[in-house]
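Data first, discussion second: the structure below is written as structure tokens.
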Amino acid sequence: MQLRLWKWAWLPLVLLIAAKMEQVGGRNYLDLARTDNRLTRLPFFGGGVGHLLRYLHPLAINPASERGRISELRSDLDANYVRYRGAQLWKLNFNATRGSSMAEREEEEEEEAGEERQVVASPDAQFNEVVALFGSEVWNINQDGIDILIEQRNVADARKFMEKVGFSYNVMIDDIESAIDETYVEVPAVEHPLDSVRNNSLPWMERPGSLMSWRRYHDQADIQQFLQTLLETYSENVELIQIGVTRNKRPLEVIRVSNGNPDNWAVFVDAGLQARDWLSPAALTYAISKLTHLWGRPKVKGQGQRAEKAMRRIDWYFLPLANPDGYQYSRHTDRLWTKNRAFDSESGCYGVNLDRNFEYGWGGTGSTSNPCKNLYRGAESFSEPESRALRSFLSGMREYLGAYVSLGGYGQAITYPWGDADYVTENQRDLKQTARRAVLALRRLNQAEYSAGTSYRQKLARPGNSADWVQDRIGPQMVFNMFLKDQGRYGYLLPPHYIVESGEEVFEFMRTIAQQLH
């Protein structure tokens, strides 16, 4: 209860941030929607993105001392490359108390001044002030605190401020650029914590003809090639459906995995609505690879797993990359880019936040009308080809869609509608029960600690998000957001070491949903 009260105390902070977003001008070098960010064509690497990554990321074969050169290589490839050298990720702690050193310092000041003690601002106000003065963006609100990005030029002043008010915080990432470099690493097989391909315990990680390895984050072209490989390998059960194209003419491809039974319920799972979220597309493609591998295997003792009956009674629809334009831009130009690549001619800024562009709750607090900000909702609901494609395809599934799941980063939470306000859905009892089952299953799987609850209570206001629109207009039995690892140690910059276990968690959540559909 105490934690929940702390979280609700943050509502003024969110309103303050939203108001700050509306201000035009005063932009700095970390503004994530620069007017000069033209999409730069990279040289074509005929051998696929693996060759490009070897060029970009020598630490896959070179010693750790070479890591500082990675950002320099990216900068050489793209003149618009956005640097975050010296910026930091801070976690402001919910449960912190004012330290004794602060109290002692105040007493010394009183004795020197010969004056009565001044009233100290409340913790809420101190949080609000440090974010408003020094934070360039709030990344997340987690179970134990709020994660904010601090620009390099503000780090020293922010430290002085926190020392003055005596409030607790942790520096989670002391140099964002170095953390970005880590997300381009390819993990050697011998170092992978869960990679046991050589003893055949994870055979779905070996895909002949596919570039996917799940030891690194892959390019959009690799993901497309992986889907094509599955189509060719499992032609009896797999279908590829192009549901639309982006503004930059990249395809939005859905892969369908089914036994063809017309009485099946359908489950739709998408990933990567936020461009900087590289984990959810990686984890989902892993789960797809595991599902297709286990789908038709005979259940023979001592010969490995088989997809259980509940999962094989589902028509699975997967959209592994819901924002391919933004994803590719985040890989080559701005690692922390989150929107798509729509261009606003009036402001000269790029991008619409796709998870604020759906009709239900569109335009509410928690989004912004400023095209230069990360939470820009678009000129109108469904202004973007990506959200329109999802609307059209999901509307056609209204009669048989049993569940919708949107994967994203980060925070280790399973949430359900609503996200725009603290209301209750008619099916909330079933949603809560399924979410709790999933939390327990994930804990048994690998001791992963996920929270569960409504989107609004877990993440505060998210107006115009996809899950709320599906709940309102399509009305399947279940609608969820699954926010993957972690809880703020790395945030959106999770190293690729965690891809496999995150993929296993996605697969386990899919299994739980299949068991609960009726």
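The values are calculated or read from the model by the stated rules, or taken from the named source; none is laboratory data. This is a predicted model, so every value here is computed, not measured. Here Cβ is always computed from backbone atoms with ideal geometry, including for glycine, and neighbour counts include all displayed protein chains. With ligands, DNA and RNA removed, areas are computed over all heavy atoms of the protein, side chains included. Shrake-Rupley method; radii C 1.70, N 1.55, O 1.52, S 1.80 Å.
How many residues are on the phi > 0 side of the Ramachandran plot and modelled with pLDDT under 95 if we restrict to the range 216-264? Total meeting the criteria: 1.
Each residue in the range 471-511 was checked for being over 15 Å from L284 (Cβ atoms), assigned to a helix (DSSP H, G or I) and open to solvent by 10 Å² or more (accessible area, probe 1.4 Å), and 6 pass. Residues of the range 103-141 being within 30 Å of the chain's Cα centre (by Cα), at pLDDT below 85 and charged (D, E, K, R), which ones? Result: D124, E129. Considering (1) modelled with pLDDT under 95; (2) closer than 20 Å to E386 by Cα; (3) not aromatic (F, W, Y), the lone condition that L211 does not fulfil carries the number (2). Checking each residue in the range 232-258 for being over 17 Å from M397 (Cα atoms), in contact with a Leu (Cβ under 8 Å, 6 or more places away or on another chain), open to solvent by 50 Å² or more (accessible area, probe 1.4 Å) and not in a loop (DSSP other than H, G, I, E, B) picks out only V245.
Note on the range 142-162: residues that are touching a Ser or Thr at 6+ places or on another chain (Cβ under 9 Å) and either modelled with pLDDT of 90 or more or part of a helix (DSSP H, G or I) (or both) amount to 6. If the condition is being under 19 Å from D486 (Cβ atoms) and open to solvent by 50 Å² or more (accessible area, probe 1.4 Å), then the range 128-153 contributes Q143, D144. Inclusion of D468 among residues that are surrounded by 22 or more Cβ atoms within 10 Å (Cβ to Cβ) and acidic (D, E) is warranted. Which of the residues that make up the range 232-274 are touching a residue at least 40 places away in the same chain (Cβ under 8 Å) and among the basic types (K, R)? If the condition is that a residue be touching a residue at least 40 places away in the same chain (Cβ under 8 Å) and among the basic types (K, R), then R247, R250, R256 are the ones that fit. Annotation: of all residues in the range 325-349 being open to solvent by less than 20 Å² (accessible area, probe 1.4 Å) and touching a Pro at 6+ places or on another chain (Cβ under 8 Å), the one that is nearest to N248 (Cα to Cα) is Y327.
From the list L431, L445, the one residue that fits, being assigned to a helix (DSSP H, G or I), under 19 Å from Q516 (Cα atoms) and at pLDDT below 95, is L445. With respect to Y360, determine if the residue is part of a loop (DSSP other than H, G, I, E, B), in contact (Cβ under 8 Å) with a residue 60 or more places away in the chain, out of contact with any Ser or Thr (no Cβ under 8 Å at 6 or more places or on another chain) and hydroxyl-bearing (S, T, Y). The answer is yes for Y360.
So which of S455, S451 ends up being closer than 22 Å to G145 by Cα and either open to solvent by 10 Å² or more (accessible area, probe 1.4 Å) or among the hydrophobic types (A, V, I, L, M, F, W, C) (or both)?
Values: S455 fails: either open to solvent by 10 Å² or more (accessible area, probe 1.4 Å) or among the hydrophobic types (A, V, I, L, M, F, W, C) (or both).
None of the others qualify; the one that does is S451.
When the test is whether a residue is open to solvent by 10 Å² or more (accessible area, probe 1.4 Å) and at pLDDT 95 or above, S289 does not pass it.
Tell me the residue from R398, R444 that is loosely packed, with under 15 Cβ neighbours inside 10 Å and touching a residue at least 40 places away in the same chain (Cβ under 8 Å), please.
Working: R444 fails: touching a residue at least 40 places away in the same chain (Cβ under 8 Å).
The unique qualifying residue is R398.
Count of the range 310-348 residues, restricted to those that are over 21 Å from S280 (Cβ atoms) and assigned to a helix (DSSP H, G or I), is 2. Listed conditions (1) open to solvent by 60 Å² or more (accessible area, probe 1.4 Å); (2) outside any helix (DSSP H, G or I) are all met by Y404, apart from (1). So for the range 359-382 (the condition being under 22 Å from the mean Cα position of the chain (by Cα), under 27 Å from R256 (Cβ atoms), modelled with pLDDT of 95 or more and crowded, with 22+ Cβ neighbours inside 10 Å), does at least one residue qualify? Taking every residue of the range 359-382 in turn, none turns out to be under 22 Å from the mean Cα position of the chain (by Cα), under 27 Å from R256 (Cβ atoms), modelled with pLDDT of 95 or more and crowded, with 22+ Cβ neighbours inside 10 Å. Counting only residues that are more than 22 Å from the chain's Cα centre (by Cα) and more than 30 Å from Y327 (Cα to Cα), the range 390-431 holds 11 of them.
For the range 154-179, the set of residues classified as open to solvent by 50 Å² or more (accessible area, probe 1.4 Å), more than 15 Å from N93 (Cα to Cα) and without any contact (Cβ under 8 Å) to a residue 24 or more places away in the chain consists of A156, K160, K164, listed by residue number.
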